[in-house]
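Structure first, then comments.
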Amino acid sequence: MLFEDRIFYHMYPLGLCGAPESNDSGPLFQKEEGAVFAVGNEWIDHMKDLGFSGVYIGPLFESSTHGYDTRDYRRVDRRLGNNEGFRKWVAACHEQGIKVVVDGVFNHTGREFPAFQNLQEQKWDSWGKDWYCQVDFNGTSPLGDPFSYESWRGYPELPRLNLKNPAVVDALMDVVRFWVSAFDIDGVRLDCADVLDFDYMRRLRRATEQMKPEFWLMGEVIHGDYSRWANPEMLHSVTNYELHKGLWSGHNDHNYFEIAHTMRRLQGLCHDTRLYNFSDNHDVERLPNKLRNRDHIRHIALLVYTLWGIPSIYYGSEFGIEGKKEWGSDWPLRPCLELADYTDAEKTNPVTSIYAALGRLKAECPELSWGEFKELTLTTQSYSYARVLDGKAVVAVYNNGDSPVSMEFQLPVEASGVEDLLADCVGSQPILTQVEWGKLKVQLPSNYATLLRLIG
């Protein structure tokens, strides 16, 4: 099934390579011997080593500043490299079994986009006047234009595209066709999907299915009934912001009921649809900056990988790095990273070690991707559930409290023993288990979580 067993690595390339925040249209920005997609395949090797089978690349195409103010949909941002370099990079990903998904910023453009520039130059006679929403020549814009227009969330730098205009929709469809033909991408993440026109998304789904078999569409949706967007007619998945909030607040408040209730609600709404699960991304503060107890990073990593959904890890989170918004800016969430600074992380860093182990287990244990979800125990302090497939089961057990906890539950499958799948990870602790009379007893240390394989 489409992308349902993938683990995504989320890159924000402009930050990752330390590119200038403003694109002055000058020569290609050079970082050492090139930009992100021109420095060899070290990041591909890194993704492969940690078990990632998909990569979602944030804004990639020519823009003025942060990537979401597009100038040219058909040109890789000069701060990142060029089209040929990216084409080769995608091919190298495919050789390693990694699918490539790019950001589709189709709700708005930047002011330097050709249609908007034509509107500025030609005014009433412009072909671009019908490309944007609510263009009114009786008003003025906050930036001094002799007309007003609708912008995304009131940011005048981001004029909203008119997706009711067939010419605009046709042009955007051609953009996606170009991406598929020029780069062989495997999917698109739709920026601001929660405000995109539904008819447009339906047409995009039909068109991409014809462009490439198993092309994947995922949308950025903050809240609401996710099934309105993720369904057989529109998108394959959406960002699971509801779970994201529950992951950190459920641990800060020592309340596993929040996480469990969220999952029950979402499965009730979305049924078999796999939502895109994450703990942090380019728009929200890093997990270490949101948690009161950073030991719970381990717990949240397990939840993201083992709950129903498609796991995604934001670059740098596999090292446990910090990131907090400053002065209203998101750039601190999007740092430049050098892999050379983390050479021994898997052997020394408990966060990296747990992500590497989970990546291996996701590939080795099909029950973690396809298994039925069975809740076993639930209290404010402790939580356990099983993923069951073909008579095999992996059980996740959690303790968010400052004291040890004991739990006991009926075995979801027949078993005579237990294996701690994360016992060899950096920072792991011994646990006590006992199988007796069809039940499993587990004692967990304080603020600890692990995965158990039922054997026998």
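Residues in region 322-331: is at least one of a type in the set (K, R) and over 14 Å from R286 (Cβ atoms)? No, region 322-331 contains no residue that is of a type in the set (K, R) and over 14 Å from R286 (Cβ atoms).
Can you go through R160, R177, R189 and tell me which one is part of a helix (DSSP H, G or I), surrounded by 14 or more Cβ atoms within 10 Å (Cβ to Cβ) and assigned by TED's automatic domain parsing to the domain that holds S148?
On the way: R160 fails: part of a helix (DSSP H, G or I); R189 fails: part of a helix (DSSP H, G or I).
Of R160, R177, R189, the one residue that is part of a helix (DSSP H, G or I), surrounded by 14 or more Cβ atoms within 10 Å (Cβ to Cβ) and assigned by TED's automatic domain parsing to the domain that holds S148 is R177.
Within region 232-244, track down each residue that is surrounded by 16 or more Cβ atoms within 10 Å (Cβ to Cβ) and free of Cβ contacts under 8 Å to residues at least 60 places away in the same chain.
Applying the first criterion (surrounded by 16 or more Cβ atoms within 10 Å (Cβ to Cβ)) to region 232-244 yields 234-244.
Once the filter is applied, which keeps residues that are surrounded by 16 or more Cβ atoms within 10 Å (Cβ to Cβ) and free of Cβ contacts under 8 Å to residues at least 60 places away in the same chain, region 232-244 yields M234, L235, V238, T239, Y241, E242, H244.
Restricting region 267-286 to residues that are among the aliphatic types (A, V, I, L, M) and surrounded by fewer than 22 Cβ atoms within 10 Å (Cβ to Cβ) leaves a set whose member that is modelled with the highest pLDDT is V284.
Which one is surrounded by the fewest Cβ atoms within 10 Å (Cβ to Cβ) among residues in region 333-370 that are hydroxyl-bearing (S, T, Y) and more than 19 Å from A423 (Cα to Cα)?
Going residue by residue through region 333-370, those that are hydroxyl-bearing (S, T, Y) are 342-343, 348, 352-353, 355, 369.
Checking the rest, the ones that are also more than 19 Å from A423 (Cα to Cα) come to 342-343, 369.
Details: Y342: 17, T343: 9, S369: 21.
This residue is T343.
Output yes when any residue across region 26-38 is of a type in the set (F, W, Y), outside any loop (DSSP other than H, G, I, E, B), under 20 Å from the mean Cα position of the chain (by Cα) and modelled with pLDDT under 95, and no when none is.
If we filter region 26-38 for residues that are of a type in the set (F, W, Y), which is where we start, we get 29, 37.
Adding the requirement that they be outside any loop (DSSP other than H, G, I, E, B) leaves 37.
Pick out the ones that are also under 20 Å from the mean Cα position of the chain (by Cα) and you get 37.
Keeping just the survivors that are modelled with pLDDT under 95 gives 37.
Yes, region 26-38 contains a residue that is of a type in the set (F, W, Y), outside any loop (DSSP other than H, G, I, E, B), under 20 Å from the mean Cα position of the chain (by Cα) and modelled with pLDDT under 95.
Against the test of being over 33 Å from the mean Cα position of the chain (by Cα), of a type outside the set (D, E, K, R) and buried (at least 18 other Cβ atoms within 10 Å of the Cβ), the options F147, F116, F137, F183 yield a single qualifying residue, F147. The one condition from (1) in contact with a Lys or Arg (Cβ under 8 Å, 6 or more places away or on another chain); (2) without any contact (Cβ under 8 Å) to a residue 40 or more places away in the chain; (3) at positive phi; (4) not aliphatic (A, V, I, L, M) that W327 does not meet is (1).
Quick check on region 41-72: of everything there that is in contact with a Leu (Cβ under 8 Å, 6 or more places away or on another chain) and more than 30 Å from V351 (Cα to Cα), which residue is surrounded by the fewest Cβ atoms within 10 Å (Cβ to Cβ)? First the steps, then the outcome.
So in region 41-72, the residues in contact with a Leu (Cβ under 8 Å, 6 or more places away or on another chain) come out as 42-43, 46, 51, 58-60, 66-69.
Add one more test, that the residue is more than 30 Å from V351 (Cα to Cα), and what stays is 68-69.
Details: Y68: 21, D69: 23.
The qualifying residue surrounded by the fewest Cβ atoms within 10 Å (Cβ to Cβ) is Y68.
Does any residue of region 370-382 turn out to be at pLDDT below 95 and polar (S, T, N, Q)? Looking for residues that are at pLDDT below 95 and polar (S, T, N, Q), one finds none in region 370-382, hence no. Residues of region 371-393 that are part of a strand (DSSP E or B), in contact with a helix residue (DSSP H, G or I) (Cβ under 9 Å, 6 or more places away or on another chain) and surrounded by fewer than 23 Cβ atoms within 10 Å (Cβ to Cβ): F373, E375, L378, S382, V388, L389, K392. Those residues that are in contact (Cβ under 8 Å) with a residue 40 or more places away in the chain and over 19 Å from M201 (Cβ atoms), I need them from region 128-155; list them, please. S151, the sole residue that qualifies. Restricting F198, F215 to those that are assigned by TED's automatic domain parsing to the domain that holds F257, surrounded by fewer than 20 Cβ atoms within 10 Å (Cβ to Cβ) and not β-branched (V, I, T) reduces the list to F198.
The values are calculated or read from the model by the stated rules, or taken from the named source; none is laboratory data. Here the structure is a predicted model, which is why all the values come from computation and not from measurement. Don't worry about glycine lacking a Cβ; one is built from the backbone with ideal geometry, like all the others, and counts go over all protein chains shown.
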